[in-house]
1. Only counting other Cβ atoms within 10 Å, I'd like TYR167, TYR147, TYR100 sorted with the fewest neighbours first.
2. Per the Cauchy relation, a quarter of the hull surface: what is the mean projected area of the convex hull of the alpha carbons in the range 24-101, in nm²?
3. Compute and list, largest first, the equivalent-ellipsoid semi-axes of the chain from the alpha carbon gyration tensor, each √(5λ) rounded to a whole angstrom.
4. Take ARG77 and ALA179, extend 7 Å from each Cα along the Cα→Cβ direction, and tell me the distance between the two endpoints in nm.
Amino acid sequence: MFIAFEGIDGSGKTTQSKLLAKKLNYFWTYEPTDGIVGNLIRQILKGKYKVDSKTLTLLFAADRFEHNKIIRKNLKRGVVCDRYIFSSLAYQGLDVDEEYILNINKGIIMPDITILLVVDIDIALKRLKSSDIFEKRDFLEKIQKKYLELSKRYNFIVIDTTDKDVYETHKEILKKVKACL
Ligand code: TMP
């Protein structure tokens, strides 16, 4: 079983993905990874290097193919991943063709379940402290809209975390995931 969490920065997906992995005793992992490509991506996101959107999209795909080796090893136990292919479709999809993104990601393991956490943008912004280039209000709004559009086409489990505390959100996620297991 492979479960991916998606959502804008500050949606609580790291906390929630960790809680779910702990509860199910699944392997928890994340993208961008801590591998060679993942580290390069993080430096780009911090503004250290400037690259073309297509270059960044290719780097995310390269990081994912390397990550797939780790995911594949843990599939039997179960994997929960904080961000995956739909992050590329939501973020890079703003200025790179969806078809191009899908093409360069062809062959990756697809998640069995994708959980999208949505949140009021002001709440998300309050939670964010870093200087990531993707953490601007208009940008987060656009990404959340894009995620919601993707959720219809790709059948995500969508959970609004706006008026819920961490435990309430976790309970709702667990209930919905258990119904799919
Ligand atoms: P994080 O804040 O969840 O660690 O993710 C770092 C940033 O990476 C976040 O702003 C979203 C971005 N990202 C993409 O743009 N495309 C991708 O494919 C992935 C995995 C992440």
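Read-outs throughout are calculated quantities, based only on the coordinates presented, and are distinct from any laboratory measurement. The structure displayed is predicted, hence computed values, not measured ones. Please note: Cβ atoms are built from the backbone with ideal geometry, for glycine as well, and neighbour counts cover all protein chains shown.
1. Values: TYR167 9, TYR147 25, TYR100 14.
By the 10 Å Cβ count, ascending, the order reads TYR167, TYR100, TYR147.
2. For the range 24-101, the mean projected area of the Cα convex hull comes to 5.5 nm².
3. Rounded to whole Å, the semi-axes are 23, 20, 15.
4. Result for the modelled spin labels: 2.9 nm.
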